[in-house]
1. Considering the stretch 803-818 alone, what residues qualify as being under 13 Å from Ala775 (Cβ atoms) and modelled with pLDDT of 95 or more?
2. Consider the stretch 659-690. How many of its residues are crowded, with 24+ Cβ neighbours inside 10 Å, more than 21 Å from Val536 (Cβ to Cβ) and away from the ligand (no atom under 14 Å from the Cβ)?
3. With the checklist (1) modelled with pLDDT of 95 or more; (2) in contact with a helix residue (DSSP H, G or I) (Cβ under 6 Å, 6 or more places away or on another chain) in hand, flag the one item Lys476 doesn't pass.
4. Is there any pair with a first residue in the stretch 373-386 that is closer than 13 Å to Arg697 by Cβ and modelled with pLDDT of 95 or more and a second that is crowded, with 22+ Cβ neighbours inside 10 Å and of a type in the set (Phe, Trp, Tyr) whose Cβ atoms are under 9 Å apart and which are 6 or more apart or on different chains, and what are they?
5. Scan the stretch 594-614 and tell me whether some residue there is more than 16 Å from the ligand (Cβ to nearest atom) and over 30 Å from Ser722 (Cβ atoms).
6. Being within 30 Å of Ala659 (Cβ to Cβ) and crowded, with 24+ Cβ neighbours inside 10 Å is the filter here, so list the residues in the stretch 758-780 that pass it.
7. Of all residues in the stretch 131-162 being closer than 22 Å to Gly62 by Cβ and of a type in the set (Asp, Glu), which is nearest to the ligand (Cβ to nearest atom)?
Amino acid sequence: MKRFDADAVQEHELRHGDLVRRLAAECTLFLKYSGAFPVQPCKAALYGNGARRTIKGGKGSGDVSTRYCVSVEEGLERAGFEVTTKDWLTAFAREEKQISEDFVQSVRDESKATGTPPILVYYSRKEKPVCAYPVQEFAEGDICLYVLARDTGEGGDRSAGKGDFLLTDTEIEDIRALAGHYPKFCLVLNVAAPVDLSPVLDNVKDIFLLGQTGASVGDVCADILTGKSYPSGKLTATWAKIGDYPSTAGFGSRDDTFYNEGIFVGYRYFDTAGKKPLFPFGFGKGYTNFTAECVGYSADERKVEVAVKVTNTGNFCGKETIQLYVSAPSGDLAQPFQKLCAYRKTQELSPGESESLHLSFPTKELASFDEKAAAYVIGHGDYIVRVGTHSRDTKPIGMLRMETSATVAVCDRLHFDTAGLNEICVHQVLHPAAEPVICLRGERFSTEDLRVKEQEGAEKSLPGKGYTFGDVLAKKISLHDFVRTLSTEELARLCVGDFSAHGSAASMIGNASARVAGGAGDTCARLKDKKIPAAVTADGPAGLRLNTEYGFDAEGNIVSQGMVPEDLRVFAPERFAPVEIPGKKYYQYCTAIPVGTALAQSWNETLIEQCGDIVGEEMELFGVNLWLAPAMNIQRSPLCGRNFEYYSEDPLISGKCAAAITRGVQKHKGCGVTIKHFCCNNQETNREHSNSVVGERALREIYLKGFEICVREASPAAVMSSYNLVDGEHTANSEQLIKHILRGEWKFKGFVMTDWYATGGLKPYDGKYQSADCATCIRAGNDLVMPGYPKYYEEILNGAKEGKFDGNDLCDCAERILTFLKNCCEQGGLVC
Ligand code: BGC
């Protein structure tokens, strides 16, 4: 760990900034491309709400406090463009400021009139005002760019209306007029989630999805427009009209949200129902064209393999991603038209150059979960193997004939309460036969037994007292035995975050760490006599969320501004008054990597791992042990306010991306990730008390699958359970999800923590579902209750007295947390 006592730009910032700028181009793509770009630096007429106030990433705990953010305006100027619309941009900014001040005032007025705290009034206002300052005249320009930005963030969902999911009337008029006037016009999208572009699609020939790619976003835009780099991303979610998503009806209900679409999420629905999206899953254009030819296909009961020769047939360098889908026959179980089974991206290909890509996946991945049999089954019949460059462009390249069905895994029969769920049935179109046909037989598959054996009650060995954690590190006593020397009080302390830290209002929004300024919280620091060190957590997933400046008071406590976002600060200036940093100041500038969705759009796991490496290096530098990321919930609906943090509507992509970034972070000594939010945190509305009602098949095949891939492939250090309930039970309290599936079936060896204040206590709630319960967390194996609060400790102690959990449960929870601390110590990431 290093403390930087000068505000000067550090070597790591430059190195990481350059790397992100270079990598980020791969996360971008054209949705429409006419060939008008790239261009040499020239006169640029620049408009739109994202031109000067370009967004680098989303808000809330997924935000990163960076030293700078390069806007598109700055990026263009740095690249040598002359921006001809400075006056318009200034007038727009003025008008936008006025609108936002009026909005703040109206919130204050309502608060005064109703007696509701202004922050709560602010949160209740779903529609935030949008600036409608129109284009007044056509400025001079060899090119014209209209940068459309959309801000999304934690704690609230998006609106389906104008100014968010829809374009405003002014935006539509301006974009149409500008596109008609300038021969080279590009609509640049500074968004992290779909927007309904249908009103302008016929007018605009070039649409560039810049996305939210971190602090160098404006430079990334300029690099692409000048051809210094090229886009090679592809969508990881379907872009469609809001009414066409099956998840729209009932989305964001306060109490119960019914996942009636079942497994038909995203392209699985659109492709099966034959509904045309605006832009399909997997779609994206770059500066060049490719051809793809299948040159190999083989399969047996273990593996399906396909080789595809990709050739760059255009005039620009580029990279292409080939996607392998399989259409399963509908038998007893409904099936989507196709599901993604593998994907692969080429290296950079020059014009005329070719590369053969090898795509493969384990044959058992063809299985569906049969709820009646509590087993994963590959039904008999014909499976069409398809290859393409997006979900609407897949061509059959062969067939797998399951002559008899196979049971590839058997599970325990679990019970999920799905009362009221009414899953839709979407009929699959008939598949034509495809050649060649490879025949497989069910009995040649092996069946994995995922049933969880009853654990033998661990022996209650009673080693002598007086040991410390240092003795564990010195191998004088095993960790298992050491834990059993601790008292119930000590164990309960360990299972609660370090509430001896500030514990003030500021910690509500994730900066409860007493060790690293802006860290989200620490593990228990009280057992000093036992020499147990505290681990520091910090948010993500777009980098590290820390305070940029801090100092120390006379007692050596960290003093910093806290991570209270600006838009909240204005509503309670007295509560969030500026903090005077005494004495010497220290600086922590972190790198903002592209948001989760943008990273996934690269379809490049090596790139994502490199971004994880950046985060890991900064964790080592600033003394953070656990990154509260990656966030990997499924983008069930484009209206979820936190989708920017998440990777995709598809579980394979989510899992592979999370595994890649996990590898990048965890190659650093003493650094671990926390995959979150486990699971079904697919809306922000009433997120602490909303119940996601989802059938077990959809739960396993869609919402859990990504977590499973990451756990099995990359061994993340920790998992964060979600705020919401699943089928009537808080995830943090669910033995089925944590003990049974996560630990039993997937063999997860790390520890589980709650989301911040998921166990309540901050404000009373009188709705249908209360908060998760601390004692039940221990019984379910949710080891750590974060960020810590006296009530949590007491609830666990009371739970122990009342027999709400077994003594071994508490020891096991503590042991799993201590295992992480032990690894950190052994790798030099923590000192005991
Ligand atoms: C978020 C988590 C985050 C935590 C700590 C919660 O509100 O849901 O994603 O890691 O705060 O800041």
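1. Listed by number, the residues that qualify are Gly803, Lys804, Phe805, Asp809, Leu810, Cys813.
2. 2
3. (2)
4. Close Cβ pairs satisfying both conditions: Ala375/Phe369; Tyr376/Phe369; Val377/Phe369.
5. no
6. Passing the criteria: Ala758, Thr759, Ala772, Cys777, Ile778, Ala780.
7. Here the residue is Glu154.
This table checks each residue for (1) in contact with an Asp or Glu (Cβ under 6 Å, 6 or more places away or on another chain); (2) assigned to a helix (DSSP H, G or I); (3) surrounded by fewer than 19 Cβ atoms within 10 Å (Cβ to Cβ).
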{"position": "Gly518", "(1), (2), (3)": "no, no, no"}
{"position": "Gly543", "(1), (2), (3)": "no, no, no"}
{"position": "Val579", "(1), (2), (3)": "no, no, yes"}
{"position": "Cys590", "(1), (2), (3)": "yes, no, no"}
{"position": "Thr597", "(1), (2), (3)": "no, yes, no"}
{"position": "Thr606", "(1), (2), (3)": "no, yes, yes"}
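The values are calculated or read from the model by the stated rules, or taken from the named source; none is laboratory data. What you see is a predicted model; the values in this text were computed from it and never measured. Virtual Cβ from ideal backbone geometry, glycine too; neighbours counted across all protein chains shown.
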